[in-house]
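Just below is one structure, and these are the notes that go with it.
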Amino acid sequence: MSEICFHLSDSNLKSSENCTDLILDPLNSKAEQHIYSQQAVFFVWELKWTKDLPSSLQCQFSVSFRSAPTEEHSLSLKPYIYEFQLENFFTLYNVKAEISPPLGAAYCKTGSLCSLEVSITRLSDLLDVDKDEALTELDGYCTTKLLYEVVDNSSNWAVCGKSSGVISMPVAAQATHKVHMEVMPLFAGYLPIPDVRLFKYLPHHSAHSIQLDADSWIENDNLSVDKNVDDQADNSSIKSRSSVHSATSAEHKGLPMPRLQSFSPGQVFNSSAGIQVLVIPSKDDHILEVNVT
């Protein structure tokens, strides 16, 4: 960010390949923008296409700028040009979380168990980016393994029971997998919904992945490669706590841990981000006993 005020105009984004099947529709203001000192500005384009998208896209961004007339030295400068490459930018999954109050109650109350439903929806059919070690194909029917994790870094909610698990997800457009769990609000007010993270669940021998560290990002969770994981591919979820044998147990001692691979930015869309839930205080029904002599 600069100490000088600027005027920005003629922002443009184009594909270096000059692909006719690709449209970059600007969602920005067409009028000249006055940018003040230390102000950040963002430009947004909607990507539209008529055929299959490429796995990578080479782009060029340009914008004209000049110092504001109020500056001591007014300058007209050359357009700013920046070239970059987008990879794995297609949105694969939509994650949605909803919290419902207990049956018979209109609102969530502090200290009461509420229902959390997590919906994971696949948005496209099989793509080249899906063809990795996590993909399983049988008679033309493809599935992939995902690990979900519910995290509340603000400590507004207590997740009761398991907070993570492994699911088998069909690689087909609009395929949806739902997970249910219970959460307890710890404070009253408008509380943001806990964050839901999604990872690719890969075999331990897979490359380009991170070694799972149960102590670093899944609190009190241990995940191990268990033959029951493959046998239960169609379950709603596979418990990641005591129901799954620890990697340090005697029968699995020395067996490598499974690996996780993060999705690229934009591949997972969280449609619940920014949503808040109204939580009211629970009634205080304490009885005060007074003795008068």
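The values are calculated or read from the model by the stated rules, or taken from the named source; none is laboratory data. Just so you know, these numbers come straight off a predicted model, no measurement behind them. All Cβ positions, glycine included, derive from the backbone under ideal geometry; neighbour counts span all protein chains shown. Keep in mind that these areas ignore ligands, DNA and RNA; they rest on the heavy atoms of the full protein, side chains included. Shrake-Rupley method; radii C 1.70, N 1.55, O 1.52, S 1.80 Å.
Structure values in brief
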read-out	value
Extreme residue, least open to solvent (accessible area, probe 1.4 Å), among residues of region 1-28 that are assigned to a loop (DSSP other than H, G, I, E, B), at pLDDT 80 or above and over 15 Å from R66 (Cβ atoms)	N28
Single condition S74 does not satisfy, out of (1) small (G, A, S); (2) open to solvent by less than 20 Å² (accessible area, probe 1.4 Å); (3) at pLDDT below 90	(2)
Subset tally (residues that are assigned to a strand (DSSP E or B) and either aliphatic (A, V, I, L, M) or in contact with an Asp or Glu (Cβ under 7 Å, 6 or more places away or on another chain) (or both)) for region 165-185	10
Within region 32-69, tally of residues that are polar (S, T, N, Q) and over 31 Å from the mean Cα position of the chain (by Cα)	4
Per-region count, region 135-168, residues open to solvent by less than 20 Å² (accessible area, probe 1.4 Å), over 24 Å from S100 (Cβ atoms) and among the aliphatic types (A, V, I, L, M)	2
Matching entry among F65, F43, F61, F90 (being surrounded by 10 or more Cβ atoms within 10 Å (Cβ to Cβ), touching a His at 6+ places or on another chain (Cβ under 9 Å) and in contact (Cβ under 8 Å) with a residue 12 or more places away in the chain)	F65
Test: residue in region 124-134 that is part of a strand (DSSP E or B) and open to solvent by less than 50 Å² (accessible area, probe 1.4 Å)	no
Flag for S154 being in contact (Cβ under 8 Å) with a residue 12 or more places away in the chain, within 19 Å of the chain's Cα centre (by Cα), part of a loop (DSSP other than H, G, I, E, B) and within 24 Å of D52 (Cα to Cα)	no
